[in-house]
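Since the structure comes first, as structure tokens, the remarks are kept for the end.
The values are calculated or read from the model by the stated rules, or taken from the named source; none is laboratory data. Being a predicted model, the structure only gives us computed values, none of them experimental. As a convention, Cβ positions derive from the backbone with ideal geometry for all residues, glycine included, and neighbour counts pool all protein chains shown. All accessible areas refer to the heavy atoms of the entire protein, side chains included, with ligands and DNA or RNA removed. Shrake-Rupley method; radii C 1.70, N 1.55, O 1.52, S 1.80 Å.
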Amino acid sequence: MTALLSINPTAFELGPFEIRWYALCIVTGVIVAVLLAMKEAPSKKIKPDDVLDFILIAFPVAILGSRLYYVLFELGYYRQHPAEIFAVWHGGLAIYGGLLAGGVVLVIFSYYKLIAPLDLLDIAIPGVLIAQAMGRWGNFFNQEAFGRTVNSLNYLPEFIKSQMFIDGSYRTPTFLYESTWNIFGFAVIMIFRHRIKKLKSGDIFAFYLVWYGIGRSVIEGMRTDSLMLGNIRVSQALSLILILVGMLFAIFNHRKLLKRH
């Protein structure tokens, strides 16, 4: 078999500093998310500057939360390698940790700014999906968040095949599956937002919980590097909870409409 060359995870260097593709993917995703939310903010009578203020607080807190979440579930490793706790450029940011931390900031921020939390969530969710989709490509460059071995990946472009050739075998590109799923979710939300006139506040949020939960629960089952709690894949269990919460929230949110019918 011809040797396959993987992509260098370092995009470029600035003096003694390495700028990695992982960081570029995350930062670019956040910028796109903020721009989308700022554009949509006036439709909910939210000031675009409030969106910017929110992300300036929420982004570092979300990064901290996603790293803390990951470290807690890999505590055995980090006890032996404490210096690696801060090496976020090597990967190891758990999306659910970031979402939980960001959610706490959103509730507190909404309270002090007198903004309805559901309105802020509804304008933020489409950008969150795009940011998550782009962030998964950071996993691609780091050669992480992949699945089981497969015989070939001939249906994919050569640069993805090469990067997914890890430890002598092709790996299931679960990063690509989740990225694609999130992009489709974004497209569905955009269609709903512009074609359905009577979306209630919180409908987009509920859709996100169910959509992301379904995709993540299925794709997480394909991965070989899941965070585990005993024999339970933590992210898969949380995904099922998201689906349930999203469905119950949607029913509760439309209970008056359901009673009329």
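Things worth noting here:
- The set of residues in region 216-236 being open to solvent by 40 Å² or more (accessible area, probe 1.4 Å) and more than 25 Å from Asp203 (Cβ to Cβ) consists of Met222, Thr224, Asp225, Met228, Leu229, Gly230, Asn231, Ile232, Arg233, Gln236.
- Given (1) modelled with pLDDT of 95 or more; (2) closer than 30 Å to Ser6 by Cα, index of the condition Ser239 fails: (2)
- Taken over region 176-190, the criterion of being open to solvent by 10 Å² or more (accessible area, probe 1.4 Å), modelled with pLDDT of 95 or more and in contact with a helix residue (DSSP H, G or I) (Cβ under 8 Å, 6 or more places away or on another chain) is satisfied by Leu176, Tyr177, Thr180, Trp181, Ile183, Phe186, Val188.
- Check on Phe249, more than 24 Å from Leu99 (Cα to Cα) and surrounded by 14 or more Cβ atoms within 10 Å (Cβ to Cβ): no
- You will find that of Ala131, Ala116, Ala145, the residue that is crowded, with 19+ Cβ neighbours inside 10 Å and at pLDDT 95 or above is Ala131 and no other.
- Criterion (free of Cβ contacts under 8 Å to residues at least 40 places away in the same chain and either touching an Asp or Glu at 6+ places or on another chain (Cβ under 8 Å) or assigned to a helix (DSSP H, G or I) (or both)) met by exactly one of Tyr208, Tyr177, Tyr155, Tyr111: Tyr111
- Number of the exception - Lys259 against (1) at pLDDT 95 or above; (2) part of a helix (DSSP H, G or I); (3) farther than 26 Å from Ala41 by Cα: (1)
- Screening region 191-208 for residues that are within 18 Å of the chain's Cα centre (by Cα) and more than 19 Å from Tyr177 (Cβ to Cβ) and picking the one that is surrounded by the most Cβ atoms within 10 Å (Cβ to Cβ) gives Ala206.
- Verdict on Ile232 being at pLDDT 95 or above and either closer than 30 Å to Tyr77 by Cα or β-branched (Val, Ile, Thr) (or both): no
- Just one of (1) more than 24 Å from Ser226 (Cα to Cα); (2) surrounded by 12 or more Cβ atoms within 10 Å (Cβ to Cβ); (3) without any contact (Cβ under 8 Å) to a residue 60 or more places away in the chain fails for Val150. It is (1).
- Some residue of region 123-131 being within 23 Å of Pro9 (Cα to Cα) and assigned to a helix (DSSP H, G or I): yes
- Checking region 214-222 against the condition returns a match, with at least one residue being in contact with an Asp or Glu (Cβ under 6 Å, 6 or more places away or on another chain) and part of a helix (DSSP H, G or I).
- Considered as a group, the residues in region 46-98 that are part of a helix (DSSP H, G or I), among the β-branched types (Val, Ile, Thr) and open to solvent by less than 60 Å² (accessible area, probe 1.4 Å) include one that is farthest from Asp122 (Cα to Cα), and that residue is Ile85.
- Evaluation of Cys25 against (1) closer than 21 Å to Leu120 by Cα; (2) buried (at least 19 other Cβ atoms within 10 Å of the Cβ) (one fails), failing number: (1)
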